[in-house]
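One structure below.
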Amino acid sequence: MEIFQQILFVVALVATAWYITKRVRLIARAINLGRPENRFDHADERLKTMLLVAFGQKKMFANPLVGVMHFVIYAGFIIINIEILEIILDGILGTHRLFAPYITPVYPILIDVFEVLAFGVLVVCVVFLCRRFIARVSRLQAERHRELRGWPVSDATIILVAEIVLMVAFLTWNASDSVLRDRGVGHYGELQGVVPDFLISQYLKPLFAGFSDTALVAYERTAWWLHILGILAFAVYVTYSKHLHIALGFPNVYFSDLQPKGEMQNMPEITKEVQLALGLPVTTGADGSQVNDNGEQPAEVGRFGAKDVQDLKWINLMNAYSCTECGRCTAACPASITGKKLSPRKIMMDTRDRMEDIQRGWQTHGNDYQDDKSLLGDYITAEELNACTTCQACVNACPININPLDIILQLRRYRVMEESQAPASWNAMFSNIENNMAPWKFSPSDRFNWADQVNEVK
Amino acid sequence: MTQEVKTYTVPTMADMAASGDEPEILFWVGCAGSFDDRYKRVTIAFVRILNHVGIKFAVLGPEEACTGDPARRAGNEFLFQMQAMANIQVLNGYNIKKIVTACPHCFNTLKNEYPELGGNYEVIHHSQFLQGLINEGRVRVKDGESFKGRRITFHDSCYLGRANKIYEAPRDVLAALDADLVEMKRVRANGLCCGAGGGQYFKEPEPGTKDVNVERVEEALGTGADTIAVACPFCMTMMSDGVKNKNREDSVRVYDISELIAQGQGL
């Protein structure tokens, strides 16, 4: 019986590892569709940002109450991993509370900490469900945000309920285990005097008082399996879910943009064209590198701006996989606040949806498969793009430094430069700048006329 | 009746270079500051302050051209770079080192985006510049209009605030007025856009439930302020339009911080 459980456990473990590896490779391949972009510079500044924003969750504390609640789940998640190590070893070796005899004085303290965290996670998950379905926090409501309809709301609910189930399994497992130990049943009894009652689960023990020994062992085994299989299933599920942010949040922050927020990225391939047009010496190649003395720099100029995910940078794509759809960007977006179609969260979700569609294409038609869709047009519309004021509120609001604005601007570049599809009044503005050196139709020679009024009485 | 007539001068770079002279700073006026009737008054107020404190400055006059910011943000990178490189040729030709501008969009572009194209200057926004003058005691706001007891709220510009993290300079300038400064709910990094950036100023907004500037003005009026202070030509227009939309133009005024300082100095 015991050996059967061990075999089953190892099979579950190996299957999970194999499946996650497969998923990670698929996601990595999708992210690598993006154009190259050097985000490996300034290691110390990046590390500092990651420690503050990812590990320290600095931006989450913009709302201290929500910050604390998120921190409980986050700390619970990280610290409970230590406990999972024991569970995995117990599962493989067929032991029970392997660590207990070796670290006797520390063991109960550790489990107490895990239990407090598990209880905290449980409470916070309930609060989070209430925020979604009772307090109805605006940014989480599908009626107000069309990008949340369907799967995103189910995804969020599944995660919260799953976490509650996992925590209940953990706490009741400890309780039933303690009752079995008290009764001296089998190997449970061996821990008498080694493992005391734990901080939270001791109060759950009365629940099991009426159970027969057999029923109790059955419950203990079920809770144990539910907890660990739940965790393994969750690990797989995460690779399909917005909850991938628990893994990608950290690298995503590490590779975040270090430029001032207002700075728009230069297009060196255009610099070369403009230098040629103005009769200036060419200083940059199409790839941005300095050219040699002959001014030669052969490089393929691709599209101007981005039409599809392949034209974006890999960091834009990593951003999309890291997004947890919390909607702080959209809640801060002036266009979204005033009822326009633009939602920065939707920009990120569309980008991820596009990549997942491409992945499905690979899986059903082979790795060279290309459909006839594109991010611009089939997922994101011109109306959304045109509504952006480039105010950077979305960039500022994201707790893990995702930049929806960067994607919006690259798509705008494609529309204007490749498709000549700017709104008519923008075209008028362009031609005014080109002809009159100002966005309005005034004569350039009148530019200094204001100086005539400088001595007039106000 | 005699009245003291102050005379203010506006030297151009061309004149200065012709006489072999160099200014301390170049005042980059910007398109709105040159052509927009309302913002021309801001340009004039700032020039009067510069004259008053005796700063040696110059403007490019007819040689100035749009920085290209609205073109770039609307997606027209070609046009932006054409403008940028032409401007850089002019600026570098005059050996310009230090630029002051009253437009956060010009400020951001000149400061952050011109270096990559060969234009490296020390770029200062007029709020920072005025803050410096006040800190040095070169500007005293006791000689003109009194602001005591007046409620002023400051609207953060995206390209000054979030884009370049300048939040305190304009507030310090307003603090010198001895007025009652009141803050809106969404300020500093959480400030709400006026609705004009990213090329929006030059087209109709997309359909929605409300215009952004109306939302922002409602928030500003909610503070009970009689003056909305701004530090950007786009914000100036959007806030003024919003105040008109609410039929409050008789009781609530929109001013640039340099106008308020000029009023306080009696310039």
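The values are calculated or read from the model by the stated rules, or taken from the named source; none is laboratory data. Nothing here was measured: the structure is a model prediction, and the numbers come from that model. FYI the Cβ positions are ideal-geometry reconstructions off the backbone, even for glycines, and counts take in every protein chain you see. Note: areas computed on protein heavy atoms with side chains; ligands, DNA, RNA excluded. Shrake-Rupley method; radii C 1.70, N 1.55, O 1.52, S 1.80 Å.
Figures for the structure shown
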quantity	calculated
Across A:K441/B:K246; B:K203/B:K244; A:K346/A:K441, pairs whose alpha-carbon gap is larger than 25 Å	A:K441/B:K246; A:K346/A:K441
Accessible area of chain B divided out per residue, in Å², using a probe of 1.4 angstrom	37 Å²
Interface residues in the range B:203-217 - accessible area drops by 40 Å² or more relative to the isolated chain, probe 1.4 Å	B:K203, B:E206, B:P207, B:V212
Percent carbon-and-sulfur accessible area, chain A, ignoring ligands, DNA and RNA, probe 1.4 Å	62 percent
Shape box of the protein assembly as shown [Cα atoms, principal axes, largest first, Å]	110, 65, 44
Solvent-accessible surface ranking, highest first, for A:L258, B:L260 at 1.4 angstrom	A:L258, B:L260
Under 5 Å, built H, 5+ apart or other chain: amide partners of B:R253	B:T227, B:I228
Within the accessible area of the range B:14-115 (1.4 Å probe), percent carbon and sulfur	49 percent
Amide proton proximity set for A:K313, modelled H, under 5 Å, gap of 5+	A:R35
Dipole axis of the protein assembly as shown (+1 Lys, Arg; -1 Asp, Glu on Cβ), positive-most option in A:P105, A:Q141, B:L174	A:Q141
Residue-level accessible surface for B:S19, protein heavy atoms, 1.4 Å, Å²	90 Å²
Of all DSSP beta bridges in the protein assembly as shown, antiparallel share, percent nearest 5	5 percent
Violating pairs (Cα-Cα greater than 18 angstrom) within the set A:K242/A:K313; A:K261/A:K307; B:K6/B:K97; B:K56/B:K97	A:K242/A:K313; A:K261/A:K307; B:K6/B:K97
Per residue, in Å², the accessible surface of the range A:1-138 once ligands and nucleic acids are set aside, probe 1.4 Å	57 Å²
Rounded to whole Hz, the Karplus (6.51, -1.76, 1.60) HN-Hα couplings of the range A:63-78, x for glycine and proline	10, x, 5, 5, x, 5, 5, 5, 5, 4, 5, 5, 5, x, 4, 5
Dimensions in Å of the range B:108-238 - Rg and Dmax from alpha carbons	16.2, 49
Amide hydrogen neighbours beyond the local backbone of A:R303, cut-off 5 Å, H modeled	none
Probe 1.4 Å - accessible area at A:E434, Å² to nearest ten	110 Å²
Within 10 Å of each Cβ in B:47-60, the average number of Cβ atoms from other chains	1
